[in-house]
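This report refers to the structure that appears directly beneath it.
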Amino acid sequence: MELWMGNDSQAIAEQAADRIEEFIRRKPDAVLGLATGSTPLATYRELIRRYRLGRIDFSQVRTFNLDEYYGLSPDHPQSYHNYMYEHLFRHINIEKQNIHIPSGTAPDVEAYCREYEETIAACGGIDLQLLGIGVNGHIGFNEPAEELEPGTHFVKLSDETIAANSRFFASLEEVPRYAITMGMSTIMSARKILLLAEGEGKAQIIRQMFDSGITTGIPASFLRLHHDVTVLVDRQAGRYLMNGREGAGAR
Ligand code: F6R
């Protein structure tokens, strides 16, 4: 894994956007895997800015989101559908039919998850996957467990994740308990992965991701088996990595 350390959230956003911009320039119909949550917000703002400057053309880009809460309709303010349109899609020239976000209301969940995997495969797989990381080491909503699931699946969220995400809801009770998420193999099959982490709260898990064994207790530790992962952190999230671990791109 390559490590890149920047000063703050904006530095991470610019670095991530540089890589995404460059990727889309080389492959205009790139298949991007996208994340939600607080971490990618600055990156999405930076992508919108570059789109407005005419630097990025999203007209052929295809996207697949990592996850969606189960039980929330697309127009729910806290759904990841709503998040993606508010924070990225409605500001850029992406075609609606090229956007894929797991459905939070599919009645036949198993069939739906299979279909999501088939659609990713039909698009040729994910070229560039953007990831955040949960404080418990989850990626997507692949929560620490004795066994991890390979494909897109229905998942019960951990108490830690429910507590962490309650900041977006009026109360803890309102946080959905279930979600649909890409699986470990879906994520690991991406050709290139960018994992972003910022803030003191992520310092401990970032250290563990690099230093622990590869364990289902820290799903993000599996990224060490992937041949093209770049971890972009700010100084706070990377604080335990400072000693001799800064990558070539660190500044
Ligand atoms: C979001 C996702 C999650 C988040 C993670 C970090 O689509 O899949 O894994 O990336 O929970 O969330 P933030 O960025 O809010 O700390």
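The values are calculated or read from the model by the stated rules, or taken from the named source; none is laboratory data. Just so it is clear, the model here is predicted, and its values are computed rather than measured. As a convention, Cβ positions derive from the backbone with ideal geometry for all residues, glycine included, and neighbour counts pool all protein chains shown. Ligands, DNA and RNA are stripped out before the accessible areas are found, and what is left, the full protein with its side chains, is counted by its heavy atoms. Shrake-Rupley method; radii C 1.70, N 1.55, O 1.52, S 1.80 Å.
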Practice prompt. Using per-residue counts of other Cβ atoms within 10 Å, averaged over each peptide, order 27-36, 231-240, 82-91 from highest down.
Written response: 231-240, 27-36, 82-91
Worksheet item: Over all distinct alpha-carbon pairs, what is the Kirkwood Rh of the chain in angstrom?
Response: 18.2
Response to the item:
the stretch 24-116, Kirkwood Rh and Cα Rg, ratio Rg/Rh at 0.98
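So between Gln60 and Leu225, what do we pick up on full extension, going 0.36 nm a residue minus the alpha carbon distance?
Gain on stretching Gln60 to Leu225: 56.3 nm.
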Fill in: Most mobile of Glu22, Glu174, Glu14 in a GNM of the chain (Cα contacts under 10 Å)
Glu174
Practice prompt. Compute the distance in nm between two label points, each set 7 Å from the Cα along the Cα-to-Cβ direction, one at Gln97 and one at Ile162.
Written response: 4.1
Worksheet item: Under a GNM of the chain (C-alpha, springs under 10 Å), which listed residue has the highest mean-square fluctuation: Pro77, Pro107, Pro150?
Response: Pro107
Worksheet, complete the sentence: In terms of the charge dipole of the stretch 118-228, which places +1 on Lys and Arg and -1 on Asp and Glu at the beta carbon, the residue among Leu195, Ala145, Thr215 farthest towards the positive end is Leu195
Worksheet item: Label points 7 Å out from Cα along the Cβ direction at Ser171 and Leu53: separation in nm?
Response: 4.6
Worksheet, complete the sentence: In the stretch 9-192 the DSSP beta bridges are antiparallel at a rate, in percent to nearest 5, of 45
Worksheet entry | Solvent-accessible surface ranking, highest first, for Glu95, Glu146 at 1.4 angstrom | Glu146, Glu95
Worksheet item: When only Cα pairs under 8 Å and 6 or more residues apart are kept, what is the percent relative contact order across the stretch 9-192?
Response: 24
Practice prompt. Sticking with the crude label model, points 7 Å out along Cα→Cβ, report the distance from Glu146 to Arg90 in nm, one decimal please.
Written response: 4.6
Fill in: Accessible area of the stretch 9-192 divided out per residue, in Å², using a probe of 1.4 angstrom
44
